[in-house]
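Below is one structure, written out as structure tokens; the observations come after it.
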Amino acid sequence: MILKSSKTKVAILRALYGSPDRLISSKDLIKGSGVSRQAIWKAVESLREEGFSIESIPHKGYYISGQLSYDLAPTWIALNMNDTGPVERYIYVLDSVDSTQTMAKDLARRLCKEGTVVISEEQTSGRGRLDRTWNSPAGNNLYMSVITYPRMEPSMLHLINLAAGLAVVSSIREVCHLDCTLKWPNDVLFEERKICGILSEASIESDRIHFVCVGMGLNINQHISEFPAELREKAGSIIASTGKPADRGILAANIVSDLHYWINQLEVHGPDPILTSYRQICSTLGHRIQITTGNRQYQGTAVDITSRGEIEVETEGQRLVFSAGDIIHSPHLG
Ligand code: BTN
């Protein structure tokens, strides 16, 4: 099953949640959304399928009669986004898919709208960086890909990758009050356990970026004991760190909005603003690290992030710059 957000559904929810007693007449809904009575009825039906409890009273109108039963309802996510991105919000939520990233890339090739979001309750072939698999069981986490067509040169791609990390960290801080950090380039950590991984894949056309699909996998309401044994030492989750479950939809809405914010900053002001914020939350900087690229390993101290988003490492008197690699922070060096 695929659930989709729509402009009319967002308008109806805004009107319902905005009315003091959460009751609103069909006439006002028609006026507010600019669609027919029949279209309102259909949209309300579709909102019920998403998990909203909406009742109608003959001749009076519609009202919200209970709690939303599904925190990944696409129109809930659209409603909770702010105005940093496109006005129209295209959000697809699936029960199951091989990989949201594969679906997002297909949509991008067919020129879907800027900011389209693909979320799945589970992934049967979730993909991580360096051809690894991404554990993606149903029910508790967030597997999301966001499609964007940034107006930038390909050399800025790394910075989009950093922007995604920033968006996730600031959203987790804001929504869940959890002080996580970033391991370069964009592993989100809490007490050195990985809470979120990000995979950005792009299509480049000569000297410009055509599209970028930013794929994010967040462990949210999964307990450590529920991870496969091989991940239990290193993986973390929001519930394991805060002791509280989080609303995945509100978190998704915040992340997408923040990502749009940072991409816009990059387009308008270039790398400086993003680098300033990134340096503040990147726990790799100043750390003794080991970095692996291909089959070579280097040890040293991470000293800076370049204007292209690469990491600068001081190793035995020389400074090396890496644009990709797997990092281990020092207490974990074997
Ligand atoms: C990593 O290895 O750290 C990156 C993991 C990225 C996982 C996400 S989940 C949503 C999207 N779909 C995928 O198949 N992968 C990304």
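What follows draws every value from the coordinates through simple rules; no lab data is involved. The model shown is predicted, which means the values in this text are computed figures rather than measured ones. Neighbour counts run over all protein chains shown; Cβ positions are idealised from the backbone, glycine included.
So for segment 12-21 (the condition being free of Cβ contacts under 8 Å to residues at least 24 places away in the same chain, surrounded by 19 or more Cβ atoms within 10 Å (Cβ to Cβ) and in contact with a strand residue (DSSP E or B) (Cβ under 7 Å, 6 or more places away or on another chain)), does at least one residue qualify? Steps first, please.
In the first step, residues of segment 12-21 are kept if they are free of Cβ contacts under 8 Å to residues at least 24 places away in the same chain; the result is 15, 18-20.
If we keep only those that are surrounded by 19 or more Cβ atoms within 10 Å (Cβ to Cβ) as well, we get 15.
Add one more test, that the residue is in contact with a strand residue (DSSP E or B) (Cβ under 7 Å, 6 or more places away or on another chain), and what stays is 15.
Scanning segment 12-21 turns up at least one residue that is free of Cβ contacts under 8 Å to residues at least 24 places away in the same chain, surrounded by 19 or more Cβ atoms within 10 Å (Cβ to Cβ) and in contact with a strand residue (DSSP E or B) (Cβ under 7 Å, 6 or more places away or on another chain).
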Could you please tell me which pairs satisfy a Cβ distance under 9 Å, a separation of 6+ or placement on different chains, a first residue in segment 110-132 that is farther than 16 Å from CYS196 by Cα and within 9 Å of the ligand (Cβ to nearest atom), and a second residue that is polar (S, T, N, Q) and in a strand (DSSP E or B)? VAL118/SER145; SER125/THR133
When the residues of segment 249-306 are narrowed to those that are in a helix (DSSP H, G or I) and β-branched (Val, Ile, Thr), which ends up farthest from SER330 (Cα to Cα)? VAL268
Looking at the structure I just gave you, is SER125 out of contact with any Leu (no Cβ under 8 Å at 6 or more places or on another chain), crowded, with 20+ Cβ neighbours inside 10 Å and in a loop (DSSP other than H, G, I, E, B)? no
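Just to confirm my filter: which strands (runs of 3 or more DSSP E) fall fully inside segment 23-109 and include at least 3 residues that are within 16 Å of the ligand (Cβ to nearest atom) and either surrounded by 15 or more Cβ atoms within 10 Å (Cβ to Cβ) or free of Cβ contacts under 8 Å to residues at least 40 places away in the same chain (or both)? Talk me through it step by step, then tell me what you get.
On the way: elements: 54-57, 61-64, 91-97.
So the answer is 91-97.
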Are any of the residues in segment 175-195 among the aliphatic types (A, V, I, L, M) and assigned to a helix (DSSP H, G or I)? yes
Scan segment 262-280 and report the pairs whose first residue is of a type in the set (Ser, Thr, Tyr) and whose second residue is outside any helix (DSSP H, G or I) and surrounded by 19 or more Cβ atoms within 10 Å (Cβ to Cβ), with Cβ atoms within less than 7 Å and a gap of 6+ or a chain change. TYR278/ILE305
Based on what the data block shows, is SER170 more than 16 Å from the ligand (Cβ to nearest atom) and not in a loop (DSSP other than H, G, I, E, B)? yes
